[in-house]
Amino acid sequence: MTTGTSLWATSAIKQLSDSADEPLHRHSAGGLPFEVKVLGDSLWVTGSFDGRNYMAFRAAYSPDGFNKIEVDNNETNAISINLVSAIGDYKVSINWPQQEQPILHFTTSLNLACNSFIPFWPRDIIAYGKNEPAGEIHIAQTGTRSGLLYSSFKEPAAGCFLYLQNLTALSAYNMDTETSAGGIVGGQWPEMGLSLPPTKDKPLQKGKTYVVSDVFVAFSKQSPTDQFEIAKGFLEALTNLYLLLPRPETAYQDYLGVLPKALYDLQTNKGCWSHRSGHPYLNAYLCDYQTPPEIMVQLAVLLPLQDYMRWSGETCTIAQEISDGLSAFYDEQLGTVMRWLPAEEHRLDKSEEQKTPKVMDAWYLHHPLLNLARMAQAGDDLAKQLLLKSVDYAIKVAQHFNYCWPVFYQMDTLEVLKAETKPGEGGEKDVAGLYAHVMLQVWEITKEQKYFKEAEKAAQSLPQHGFNVFYQANNTMFSAKAMILLYKETKKELYRDLSYLFLANIFKNVALWECTYGFGKNFPTFFELFPLNDAPYTAVYEEQEAYAGVHEFLNYAQGVELLPAVNLLIAEFARYAVHRMIYYYPPMLPQEMLAKEAKTGELDPKLWVALEDIHDGWEQSGGVGQEVYGAGLAFGIVPRQYIRIPGHDFMVFVDYPVLNQKLSGKSLHFDIKGDERLTCSLRIIKQGKKRLPTIKIKAGNTADQKHLNDIKQLKEGIEYKLYGNQQVSISWE
């Protein structure tokens, strides 16, 4: 690839390198010196790791420079600068929020002198030094994910930084110009960062103030030397910035009320079902009668249904109907369960690569085995039988490909049909983690050591892939869980590092901002997780499974010393997932934001069957289809966030992950995960007409009012705010 810099970067580097002017302000934070200076057309904040290699952050830009500059530096850790230019008036607020850590934050507002189009905006980071330092960008924004850029100096290895643009703050700009915040943070070393999206038909308005940048940057004097240092450094830096980032409030969502509606629609709507080969089977998408039944679709609904039945003590008749059809997916000749119902494979229309008989998408072989194993571990004998009959085929495939799976292969010959996701990017890298997970599950069920050894072989193949091991979000999360189990059993540091690697790949694929422009005002987006590296939308099934994977990860990680960043981030992901994911249900959304037609099947906006896809605020959602295999959403959330109190007319709801529940007499004890620096919500929810009993809560070792952050009386109960990472006791009379 040809490298070089833009004309603007070349000019900026020369100005920055040659300038001997006295800066407007100097500051030191965490041992790093910073300077604020105006050079030509830009206001810069510069920082240096070693006095020879620098990062410069462009806090304001005007093509003709600035006519007037006013500085207010009366605060110890902050400075405000007003700049007057031909295009308008800037206000730049710069601060260093933590004196002991090298973190920079600045917010830039622009009040325009006239209605203005912006055809081009230079990126806001320049790396430079006396000998043109080389560097690497490890993470940059893809689509509408977080406005992240994680980069390091390589020659010399002077240090690294994580840049996070608070895209929520740019909403007015995006709204008035009808532009997206997607893909606006990126670039190439040494010119990186934010470039405001070009405006086309809609100008920015005269006299209106727009936030054009709201940046948080964390610095480290260490340059990562391998993918594990990249992963751990990224997780720690992201957590430091997350604690400073403005975050939207979460709201309680009534999943208890939604679940019966979702169950009724799933049971009774004919668009959810087809009758094939003597059995009813769930369609993948509403009214998709052409595609043969898929085993993943059946298990994706059956497993959370079983979770819910165990939690509630109720029986859902469709669970048995789904289960009765599973055996027909087993192929005696190949010795494995198949993706497509073998008796219906001839109906595949070859419209997609995988819609061909005996063509396997690599992850798809293992994912049904994973869910069969989860069901088997919960006592499902049929699931156990199908799992153990199929596992030898999975081992055969893994060994044939030497634990590096292609994208597509022929099941009977193992011929590779598509080797790489994109040229030069390799196959489905996280399948090794998914395969290890399945092997560990079979090892737990059978106690046979050969399966544990297979898991280790797969795990040991992973370092060759480098940092980018993410292929599909739910599989990546389960891979992190598998690595933690390997670490617990062996104490080999490689496996804990691999777990961090998978989790870092998860958190680079989330959106830490709230889309409030266009249709985005109708649904929350903060902390949404994208299903694939380059997926243009979020998807209900992958998010719901990743959310479930968080709880399983934490359960397996008990007793393991984890990075504090991991405890904080995965708990916050779960909290926001519970807040957000209810909006996948079409009745929660205005009809005008739903696609008029679906790629597969049909769309019924009144049906409590989740959309597959939620898009950027300027795009309609649901165009992929209404995802029947995402119907497990409410059934997966309720058993994990609600705690039943048998014999009493109330429940306990917590929006952080909860472990080690113990009900004894008139008291309940459990552990809340997360981090003590942040809070979660705990609700006591009335279930009948009786008044709530007298409730007492102890969090940690302290009585309620002294330790609880907030208490709110509600019509349907009581809400408390509790700090994370502590034991909770609830008693009643």
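The values are calculated or read from the model by the stated rules, or taken from the named source; none is laboratory data. Every value quoted in this text rests on a predicted model; they were computed, and no experiment measured them. Positions of Cβ are backbone-derived with ideal geometry, glycine not excepted, and every protein chain shown enters the neighbour counts. Heads up: the accessible areas ignore ligands, DNA and RNA and are worked out on the full protein's heavy atoms, side chains in. Shrake-Rupley method; radii C 1.70, N 1.55, O 1.52, S 1.80 Å.
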DSSP-assigned coil residues among GluC sites (Glu not before Pro) in segment 38-139, each with at most 11 further Cβ atoms within 10 Å: E75, E100
Most to least packed among 280-287, 611-618, 242-249 [average Cβ atoms within 10 Å]: 611-618, 280-287, 242-249
Neighbourhood charge, 10 Å Cβ-Cβ cut-off, centred on P224 and excluding it, Lys, Arg +1 and Asp, Glu -1: -1
Relative contact order, percent, the chain [alpha-carbon distance under 8 Å, six or more residues apart]: 10 percent
Accessible surface, per residue, of the chain when the full set of protein chains is kept, probe 1.4 Å, Å²: 38 Å²
Candidate aspartates and glutamates - alpha carbon under 17 Å from K698, same-chain residues fewer than 8 apart omitted: D671, E676, D710, E719, E733
Angle in degrees between helix 227-242 and the longest Cα principal axis of the chain, rounded to the nearest 10: 70 degrees
Carbon/sulfur fraction of accessible area - the chain, other protein chains in place, 1.4 Å, %: 47 percent
Reach of K521 by Cα under 19 Å, taken over lysines that are not fewer than 8 positions away in the same chain: none
Pairwise centroid distance, computed over Cα atoms, of segment 308-347 with segment 146-160, Å: 49 Å
Among 296-305, 469-478, 110-119, the order from most to least packed when residues are scored by Cβ within 10 Å on average: 469-478, 296-305, 110-119
Loop-resident sites, segment 388-474, for trypsin sites (Lys or Arg not before Pro), counting at most 16 other Cβ within 10 Å (DSSP): K447
Lysines whose Cα lies under 23 Å from that of K481, excluding same-chain neighbours fewer than 8 positions away: K232, K384, K429, K447, K450, K453, K457, K491, K492, K508, K673
Protection proxy ranking of 577-589, 399-411 - average other beta-carbon atoms within 10 Å, highest first: 577-589, 399-411
